[in-house]
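S.K.: Structure in structure tokens, see below.
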Amino acid sequence: MTSASMLASLAPCGLSCETCFAHVDGDIRRYSIQLRERLGHFEAYAQRFETLLGDPVFSKYPAFNEMLDYFASENCRGCRNEQCKLLKTCGVRGCHQEKGVEYCYQCDEFPCDRTNFDEQLHGAWVRINEKIRAKGIEAYYARTKTSPRYL
């Protein structure tokens with residue numbers, strides 16, 4: 001992958017935008033659209049299967065379908081192209097533009113409190129950027145480009 005493509009794939013915080021459920025070209029959106037198409041009009045069948053099989057799990061299909069529709073409809077183009085649609089209060093994009101760094105670990109003030117992340121995400125952000133600093137951005141990207149984001 002070219003460095004321009006890699007740069008577009010990784011947000012300044014180090015998270016992979018393309019592995020986010022909200023990314024317009026991400027796998028989660030693509031697979032959600034495919035699953036929604038494959039299921040077709042399964043809602044009527046879910047009601048029948050609940051009765052025929054006596055399995056109450058099928059009563060949860062409307063909530064599942066609503067979530068699937070949500071995943072299929074998201075359309076974020078990535079943090080380097082627009083403000084994050086997932087974390088609306090994220091402070092990283094503005095900070096990275098102000099500081100002129102590509103990734104947070106390159107900033108003299110890293111780690112800082114300007115991210116507006118909750119405690120869990122803040123900790124992950126620090127660990128990610130420390131890995132990038134230690135291994136290099138290319139190695140980090142190669143190791144994580146196909147890894148699930150939500151572990």
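The values are calculated or read from the model by the stated rules, or taken from the named source; none is laboratory data. Keep in mind the model is a prediction, meaning the values are calculated, not measured. All Cβ positions, even for glycine, are placed from backbone atoms using ideal geometry, and neighbour counts span all protein chains on display.
S.K.: Given Val101, Val57, Val92, which one is more than 21 Å from the chain's Cα centre (by Cα), in contact (Cβ under 8 Å) with a residue 60 or more places away in the chain and farther than 22 Å from Asp27 by Cβ?
M.R.: Val101
S.K.: Which ones in segment 97-109 are within 19 Å of Thr144 (Cβ to Cβ) and surrounded by 17 or more Cβ atoms within 10 Å (Cβ to Cβ)?
M.R.: Tyr103, Cys104, Tyr105, listed by residue number.
S.K.: With respect to Leu52, is the statement that it is surrounded by fewer than 16 Cβ atoms within 10 Å (Cβ to Cβ) and assigned by TED's automatic domain parsing to the domain that holds Gly136 true?
M.R.: no
S.K.: Any residue in segment 25-47 that is in contact (Cβ under 8 Å) with a residue 40 or more places away in the chain, aliphatic (A, V, I, L, M) and either surrounded by 12 or more Cβ atoms within 10 Å (Cβ to Cβ) or not in a loop (DSSP other than H, G, I, E, B) (or both)?
M.R.: Yes, segment 25-47 has at least one match.
S.K.: Would you mention how many residues in segment 87-105 are assigned to a loop (DSSP other than H, G, I, E, B) and out of contact with any Pro (no Cβ under 9 Å at 6 or more places or on another chain)?
M.R.: 6
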